[in-house]
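A.B. asks: I have a structure I would like to understand better, so I am pasting it below and will then ask my questions one at a time.
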Amino acid sequence: MKTAEEILQTLTLEEKASLCQGASFWFTKEITEKGVPAIMMTDGPHGLRKQTGETDHLGINKSVPATCFPSSAAVCNSWDETLMRQIGAALGQECKQEQVAVLLGPGANLKRSPLCGRNFEYFSEDPYLSSNMAKSHIQGVQSQGVGTSLKHFALNNQETRRMTVDVRVDERTLRETYLASFETAVKEGKPWTIMGAYNKVNGTYCCENSHLLRDILRGEWGYEGVVVSDWGAANDDALGIAAGFDLRMPYAGEVKTQAIVQAVQEGRLDQRDLDAAVLRLLKLALRGEANRCKTARYDVAAHHELAIQAAAESAVLLKNEGGVLPLAHTARVAVIGGLAKTMRYQGGGSSHVNPTFHRDLLTVLAEDYPDVKATFARGYRLKKDEVDEDFVSRALANAAESDVVIYCMGMPNGWESEGFDRTHLRLPGNQIDLLNRLAALGKPVVVFLFTGAPVLTDWAAKADALFAMYTAGQGVAEAMARLLFGRANPCGKLAETWPLALEHTPCSLTYPQKETAVYEEGVFVGYRYYDKKQMPVAYPFGFGLSYTDWQYSNLRLDKQHIRDTDTLTVQLDVTNTGRLPGKEIVELYVGNAPAGVPRPVKELRGFTKVFCTPGQTQTVTFTLNKRSFAYYHVGMHDWYAESGTYEILAGASSRDIRLRATVRMEATRVIPKTYDRFVTMGELMTLPAGQAVVQEMMAAYQMPAVSEEERQRRLNDEEDTEDVAMDYAAMGMDMPLCKVADMSGGAMTEETVRTIVAALNQ
């Protein structure tokens, strides 16, 4: 077989151009006589969606049976990279059986707003957690010789006008928040392909955006794989190829091929850029073909069991009043809610999977828990938000005869999907009405909540126990039963904040915007926003309960003083102090030192999941580096860890910090600074060479020159009566040098100002 480089030398200009778009909806272009094979790409972030009939991109037509694993929003609540890799490997095996070379996923777009209709496909509001889980997903799939397509690059954070909206974002926010959600996944996961998003970023479509593709993705991050368009996201292919783009999907007609040919002939597209794109495409096609195995088969039962395990480990126990859970195996339970029968275990749109196997909760209880006496009533209508008194009466009657009520609530399928954004965070009113009536009976009520994203929980006081299941895949019913009866101990924690109100969310005033989406909140997304505002929330980022208890102790650092070139090792002990074995997610945050730019109060910089039997202690270890303390400095075009004292925070959530320590950081790199005639007196006072100058000028202007430290001391000194003088001093610290000269009565000339500025810049 010829190499990609050898094949490239045999191709005509027209053939090269033809390879830059698909041959059909799911297949790349084949040139048999030149040794170029076709490969198949298809949907599937949480399960293979290979369509069997006429193709479409919205999940309308049937697909082959495949394991429906928990969606990214659900499995990210596990905070378990090993589990994520296992799921990825299973997905790769299923692709192998179906001759699929590239699985389109995972989605690593950051959750900017809980209203985004596609949030169930994405991991987290935190870029560190998101990127590491995406990395593990990629590693799992690609371990089977099947490629991934990390998507949607970049800033595809709303479904409203997703194909045309222009996202306006500053460089620091772009780097620290939205690109950071992809960065580790790209650098360490090394996906075979990356999918360009529909939207524009700062005026340029993503598939033509040279800053995103050429400067950052290929230049800074060293990405060597294929950039493929989201289906229909490519616009001007010649501009795209010049910017680092490779493959338009799906096939859009020969006119697109000829446009590339013409651009080369007219000198608008460098032949070398086209050759580079084609070489990447050839390597992908040959790689996919080399890993094809027509005899590959996967274990359907084993994959279903993995789906159950993943659903159980991803479930988040938000409430367990009085230790109502776990239940006894002989309990009389009233299972209530249409979602207990018509279970919502996945989202809608291009990721919709045809599951290999699925049982509802009633069937699971009947078949696997014969000692449990279970009844069922729908209680509410799913498609209409109106109270049906006949449904309610049956539900209340069943509940009255039970020991405990298992109530299934959540968003109907039509409320959340790819293609549109939500307009509110409410649950259907008929579901809440029924909960109130069930609670009034005085029986324990256990609520299972099925959503793809946060909802308002002002009704939660009526529940004795509450699980956030998200969209937990085909094994959700088995997982629910295991959690109910203690065969599984809850160990999931929220990968996003649940707010008290939509109005509290960072971009509530403007989300979604149609023509232009301005990310005015900057880096303050999710818990970074709520913590900075000191705002109460319903459930904080990283929160989740267990059936056992956990103690954190003995936080220790291997250094108390580091430079930005060093690494810092952090260790602590975690002890299971309860009665049951379980798993605990330990979260490590860095509390930021005062900086020259606004920064979050703290940021997640490490996490791990440990298993302990009752009484057992595990030591966990984290390694922090410069990036753990840094922000993106726009002027330096680099990450900068400012000198100062930082807090090392170990906790069970962003709002439950158990242990604290401090470390002193010393920056080895100085931020270059150029001074001009508008340098302030306060800035001069921070410079050794400037302090004498300030004293002289302030004396000439008859204003006391005081340091900021001295000013603060006097402000706090109740016996100091020089309030007027202090006011003048404060004003003087903010006064530009040139204005001091203007107001000096000629005592200071413009020439003197220039001399001072020149001396500072030396």
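Since every read-out is calculated from the coordinates, none of them should be taken as a lab result. Here the structure is a predicted model, which means the values were calculated and not measured. All Cβ positions, even for glycine, are placed from backbone atoms using ideal geometry, and neighbour counts span all protein chains on display.
A.B. asks: Starting from the Cα of Lys533, draw a straight line to each of the aspartates and glutamates and keep only those under 18 Å, dropping any in the same chain fewer than 8 residues away.
C.D. replies: List returned: Glu125, Asp126, Glu496, Glu503, Glu520, Glu521, Glu603, Asp656.
A.B. asks: Find out how many positive minus negative residues lie around Asn554, taking Lys and Arg as positive, Asp and Glu as negative, among other residues whose Cβ is under 14 Å from that of Asn554.
C.D. replies: Summing Lys and Arg as +1 and Asp and Glu as -1 gives +1.
A.B. asks: Same structure, new question: Name the residue farthest towards the positive end of the dipole of the chain from the options Ser546, Asn109, Leu213, assuming +1 on Cβ of Lys and Arg, -1 on Cβ of Asp and Glu, about the Cα centre.
C.D. replies: Going by the charge dipole, the pick is Ser546.
A.B. asks: If we sort 107-119, 183-195, 662-674, 532-544 on the protection proxy, mean other Cβ atoms within 10 Å, highest first, what's the order?
C.D. replies: 107-119, 183-195, 532-544, 662-674
A.B. asks: Could you give me the percent of Cα pairs per 5 Å distance bin for segment 306-533, shortest bin first, beginning at zero and ending with the bin that holds the maximum distance?
C.D. replies: In order of increasing distance, the bins hold 1, 6, 14, 18, 19, 16, 11, 7, 4, 2, 1, 0 percent.
A.B. asks: Could you tell me the extents of segment 550-666's C-alpha atoms along the three principal axes, largest first, rounded to whole Å?
C.D. replies: Its Cα atoms span 54, 24, 18 Å along the three principal axes.
A.B. asks: Same structure again: Please report the Cα spread of segment 113-245 along all three principal axes, rounded to whole Å, starting with the longest.
C.D. replies: Extents along the principal axes: 36, 34, 28 Å.
A.B. asks: Report the Cα-based extents of the chain along its three principal axes, largest first, to the nearest Å.
C.D. replies: In descending order, the Cα extents are 94, 75, 49 Å.
A.B. asks: So in the chain, what percent of DSSP beta bridges are antiparallel if you round to the nearest 5? Don't skip to the end; give the middle numbers.
C.D. replies: On the way: 55 of 98 bridges.
Once the DSSP bridges in the chain are tallied, antiparallel ones form about 55 percent.
A.B. asks: What are the aspartates and glutamates whose alpha-carbon lies under 12 Å from the alpha-carbon of Lys187, with same-chain residues fewer than 8 places away excluded?
C.D. replies: Glu220, Glu224
A.B. asks: Just to be sure I understand: of the beta bridges DSSP finds with both ends in segment 446-601, what percent are antiparallel, rounded to 5?
C.D. replies: 65 percent
A.B. asks: Would you mind computing, in nm to one decimal, how far apart the modelled labels at Asp638 and Thr752 are, each placed 7 Å from Cα along Cα→Cβ?
C.D. replies: Computed distance between label sites Asp638 and Thr752 equals 3.9 nm.
A.B. asks: Sort 151-164, 452-465 by packing, meaning the average of other beta carbons within 10 Å per residue, with the highest value first.
C.D. replies: On the way: 151-164: 22.7, 452-465: 20.5.
Taking the mean over residues of other Cβ atoms within 10 Å, the ranking is 151-164, 452-465.
A.B. asks: Which net charge results for the neighbourhood of Asn77, defined as the other residues with beta-carbon distances under 10 angstrom from its beta-carbon, given Lys and Arg at +1 and Asp and Glu at -1?
C.D. replies: Here the count lands on -2.
A.B. asks: Grab segment 345-494 and count how many Lys pairs have their alpha-carbon atoms under 24 Å apart, sequence gap of 8 or more, or different chains.
C.D. replies: Final tally of qualifying lysine pairs is 6.
A.B. asks: Which order do the peptides 602-612, 132-142, 478-488 come out in when sorted by mean C-beta neighbours inside 10 angstrom, highest first? Mind dumping the intermediate values first?
C.D. replies: Numbers: 602-612: 19.7, 132-142: 26.9, 478-488: 22.7.
The most tightly packed comes first, giving 132-142, 478-488, 602-612.
A.B. asks: What aspartates and glutamates sit close enough to Lys256 to cross-link, taking a C-alpha to C-alpha distance under 12 Å and skipping anything fewer than 8 places away on the same chain?
C.D. replies: Those aspartates and glutamates meeting the cut-off are Glu14, Asp236, Asp237.
A.B. asks: Find the Rg to Rh ratio for segment 290-339, where Rh is the Kirkwood radius over alpha-carbon pairs and Rg uses the same atoms. The partial results should precede the final answer.
C.D. replies: Details: Rg = 18.8 Å, Rh = 15.4 Å.
Ratio of gyration radius to Kirkwood radius for segment 290-339: 1.22.
A.B. asks: Can I ask one more? Take the cross-link list Lys62/Lys151; Lys190/Lys559; Lys135/Lys319; Lys626/Lys673 and give me the ones stretching past 27 Å between alpha-carbons.
C.D. replies: As for pairs spanning more than 27 Å Cα to Cα, those are Lys190/Lys559; Lys135/Lys319.
A.B. asks: Just the Kirkwood number for segment 380-493, please: inverse of mean 1/r across all distinct Cα pairs, in Å, one decimal.
C.D. replies: One over the average 1/r among Cα pairs gives 15.2 Å for segment 380-493.
A.B. asks: Then there is this: Enumerate the calculated ³J(HN,Hα) couplings along segment 477-484 in order (Karplus 6.51 cos²θ - 1.76 cosθ + 1.60, θ = phi - 60°), each rounded to whole Hz, writing x wherever the residue is Gly or Pro.
C.D. replies: 5, 4, 4, 4, 4, 4, 5, 4
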